[in-house]
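The values are calculated or read from the model by the stated rules, or taken from the named source; none is laboratory data. Computed from a predicted structure; not experimentally measured. Counting neighbours? That spans all protein chains shown, and the Cβs are built from the backbone with ideal geometry, glycine included. Just so you know, the surface numbers come from the protein's heavy atoms only, side chains and all, with ligands and any DNA or RNA stripped out. Shrake-Rupley method; radii C 1.70, N 1.55, O 1.52, S 1.80 Å.
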Amino acid sequence: KEKKLKEGFDLIIATQVFEHVLDDKKAIQSLVSTLNPGGFILFTVPFLERYHRAPIDMRRYTNDSATELLEGSGGLCISRSQVAGNPLTTTGYLLGMGTQDFSEQERGPEGQGSLYFGVQILAQKPPCKP
């Protein structure tokens with residue numbers, strides 16, 4: 001039997017989780033149902049990342065597919081969206097390197113080009129502020 005929360009949340013952080021969820025549409029709808037009107041979800045998911053079962057590894061998201069999930073299935077407004085990584089850091093990441101292996105200059109601005117390792121979105125439950 002499902003229990004309803006007496007109070008909702010103003011902020012939900014779902015970071016690097018949704019690639020492990022069997023039904024991502026149902027999961028986002030469930031999260032949104034616990035979010036207060038005007039509340040936010042910080043949503044991060046991988047795009048180019050190694051396969052990692054924990055216990056399952058279901059999918060990868062592009063910026064477009066993550067936006068569609070949040071807007072289309074969740075009914076949320078996108079406040080901010082960006083991709084993480086650039087071609088150099090993404091390639092290094094896939095080869096087992098980490099942030100510490102790159103200089104600040106090499107890390108450069110995030111989201112340069114089409115080779116990135118993750119998607120970061122801040123979305124709001126209506127009523128949304130422009």
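Remarks
- Subset tally (residues that are under 22 Å from GLY85 (Cα atoms), in a helix (DSSP H, G or I) and in contact (Cβ under 8 Å) with a residue 40 or more places away in the chain) for the range 31-68: 3
- Contact annotation: residue pairs with Cβ atoms under 9 Å, 6 or more positions apart or on different chains, pairing a residue in the range 79-103 that is in contact (Cβ under 8 Å) with a residue 24 or more places away in the chain and farther than 16 Å from LEU115 by Cα with a partner that is open to solvent by 60 Å² or more (accessible area, probe 1.4 Å) and among the aromatic types (Phe, Trp, Tyr), are SER79/PHE40.
- For LEU11: the one exception among (1) aliphatic (A, V, I, L, M); (2) modelled with pLDDT under 95; (3) outside any helix (DSSP H, G or I); (4) more than 13 Å from the chain's Cα centre (by Cα): (2)
- Of all residues in the range 14-28, those that are on the phi < 0 side of the Ramachandran plot have Cβ atoms under 7 Å from Cβ atoms of residues that are of a type in the set (Gly, Ala, Ser) and part of a helix (DSSP H, G or I), 6 or more apart or on another chain, in PHE18/ALA27; VAL21/ALA27; LYS25/SER73; ILE28/SER73.
- Residue selected from the range 48-71 under the condition within 11 Å of GLU19 (Cβ to Cβ) and acidic (Asp, Glu), by the criterion most open to solvent (accessible area, probe 1.4 Å): GLU49
- Residue match in the range 72-93 (condition: more than 16 Å from the chain's Cα centre (by Cα) and open to solvent by 70 Å² or more (accessible area, probe 1.4 Å)): yes
- Among the residues listed as PRO127, PRO109, the single one being farther than 16 Å from LEU48 by Cα, modelled with pLDDT of 80 or more, open to solvent by 80 Å² or more (accessible area, probe 1.4 Å) and not in a helix (DSSP H, G or I): PRO127
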